[in-house]
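Notes for the one structure printed next.
Only the coordinates and a few stated rules stand behind these numbers; no lab work does. None of these values were measured; they are calculated from a predicted model. Cβ atoms come from the backbone with ideal geometry, glycine included; neighbour counts cover every protein chain shown.
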Amino acid sequence: MKSTLRMIALLSAVSALPCALVSAQQAGQAATYISAEDIKANLNGAPNAATNPSPNIRVINEGSYNVAVGVLHRPETPPGVAALHHKVSEVYHVMDGSATLVTGGKIVDQKERPADAKSVMLEDGPGASGPSIQGGVTQHIKTGDVVVIPAGVPHWFSKIDGSITYIVVRYDPNKLLAPK
């Protein structure tokens, strides 16, 4: 639990930097606390699924932008889908496990996701996906690592070593994700 709380503190510090650049904090604005229990409950919702039923634990309206915080657990499966989000940037902080992550390059057979897709409406806004990425940078990520994926950058777990669990912070400057 102490490790989880340390990770939440690290993510708070990491997420504060871009937020400060977007707009000044208004006096009297409350902080949002997401407990280790909230994270664990979200993970327990689908312990062996490639995605959780509700991947964003909270979506917070920060004035001129929204910030979503979620947690994902991905089991070892055949390579998943490559994705890119047109308007939402993500920060991953690996809580447990490891995987090979490919970023950049070009999505093979890229198709736009339908506007009514769950992933578009609830997770990360409009984007595209495909079966893999051609080119790009391959990086092995593990427990404790942090990855920042700007909007428009393709990303794909080409291999998962057993499983990987990570906190994801999503920056939504267009307020596409509804606060919850």
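Observations on the model:
- Condition met for residue 90 (closer than 20 Å to residue 42 by Cα and in contact with a strand residue (DSSP E or B) (Cβ under 7 Å, 6 or more places away or on another chain)): yes
- Residue 160 being hydrophobic (A, V, I, L, M, F, W, C), in a strand (DSSP E or B) and touching an Asp or Glu at 6+ places or on another chain (Cβ under 7 Å): yes
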